[in-house]
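We did not get these values from a lab; they are worked out from the coordinates using the rules stated. On a predicted model such as this, the values are computed, not experimentally measured, just so you know. Quick reminder, even Gly has a Cβ in these numbers, built from the backbone with ideal geometry, and neighbours come from all protein chains shown.
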Amino acid sequence: MSALPQTISSSLTDYYHMIQTRVHELVQPLSTEQIWHHPYRYGNSIGNLLLHLTGNLSFYIGAQIAGSGYERHRDREFTDSGNSKEEVLAEFDQAIEMVVKTIKNQSADDWSAAYSAAGTQATVRFNMVLSCAGHAYHHVGQIIYLQKELTRAAR
């Protein structure tokens, strides 16, 4: 059983790095203008989804587990625009790297430590880190469709 915490840490860090790589692959062919474009009259832009993922990870893992002091402004994640693609990706990458560092710093007992934060039903750290991973990939799925629409429209 002693290998389980290492397996959890390794698997989660690999998963978050996979998400990071996939986001970069999807955003790479797009311009800054395209990441802020709303190809549908409903929903979000890719830029807003990246701001949302950055805020989500920075709050639920950064502030609540790593003690980063991050203060979330969730409404702005869906209304802000205009930062360059490079700036948005750099902030997203910083959030991913903070998550990976936090995961690697968890001891076997830390995974079952009590957790609570507004907006989640997670009661232990492991559940929150896993929930954030699922949430992130949900939005990667949305980015896939948005990127396909944006690149289709450009042809």
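Starting from residues that are touching a residue at least 40 places away in the same chain (Cβ under 8 Å) and over 18 Å from P5 (Cα atoms), keep the ones in segment 95-115 and report whichever is farthest from the chain's Cα centre (by Cα).
Within segment 95-115, the subset touching a residue at least 40 places away in the same chain (Cβ under 8 Å) is 95-96, 98-100, 102-104, 106-108, 111, 115.
Restricting the remaining residues to those that are over 18 Å from P5 (Cα atoms) gives 95-96, 98.
Values: A95: 7, I96: 7, M98: 11 Å.
In this case the residue turns out to be M98.
Assess whether M18 counts as being part of a helix (DSSP H, G or I) and under 17 Å from H139 (Cβ atoms). Spell out the reasoning first.
Working: part of a helix (DSSP H, G or I): yes; under 17 Å from H139 (Cβ atoms): yes.
When the stated conditions are applied, M18 passes them.
Per-residue answers, yes or no, for (1) touching a helix residue (DSSP H, G or I) at 6+ places or on another chain (Cβ under 7 Å); (2) farther than 22 Å from L130 by Cα; (3) of a type in the set (S, T, N, Q):
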| position | (1), (2), (3) |
| --- | --- |
| I8 | yes, no, no |
| L53 | yes, no, no |
| T79 | no, yes, yes |
| K85 | yes, yes, no |
| Q94 | no, no, yes |
| A108 | yes, no, no |
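If the requirement is being buried (at least 17 other Cβ atoms within 10 Å of the Cβ) and either in a loop (DSSP other than H, G, I, E, B) or in contact with a strand residue (DSSP E or B) (Cβ under 6 Å, 6 or more places away or on another chain) (or both), which of these qualifies: N44, N48? Before you say what the answer is, go through the steps one by one.
Details: N48 fails: either in a loop (DSSP other than H, G, I, E, B) or in contact with a strand residue (DSSP E or B) (Cβ under 6 Å, 6 or more places away or on another chain) (or both).
On inspection, the qualifying residue turns out to be N44.
Let me confirm something: among R76, R22, which residue is touching a residue at least 60 places away in the same chain (Cβ under 8 Å) and surrounded by fewer than 18 Cβ atoms within 10 Å (Cβ to Cβ)? First the steps, then the outcome.
Values: R76 fails: touching a residue at least 60 places away in the same chain (Cβ under 8 Å).
Only one candidate qualifies: R22.
In this structure, is L57 of a type in the set (A, V, I, L, M), crowded, with 16+ Cβ neighbours inside 10 Å and outside any helix (DSSP H, G or I)? Break it down into steps so the answer makes sense when it comes.
Details: of a type in the set (A, V, I, L, M): yes; crowded, with 16+ Cβ neighbours inside 10 Å: yes; outside any helix (DSSP H, G or I): no.
So L57 does not fit the description; no.
List the number of the failed condition for A136; all other conditions in (1) surrounded by fewer than 13 Cβ atoms within 10 Å (Cβ to Cβ); (2) under 20 Å from S10 (Cα atoms) hold.
Only one criterion is unmet by A136, namely (1).
How about segment 93-131: which of its residues are part of a loop (DSSP other than H, G, I, E, B) and among the aliphatic types (A, V, I, L, M)? Outline the logic, then answer.
Filtering segment 93-131 for residues part of a loop (DSSP other than H, G, I, E, B) gives 105-109, 113, 115-123.
Hits for segment 93-131 are A108, A113, A117, A118, A122.
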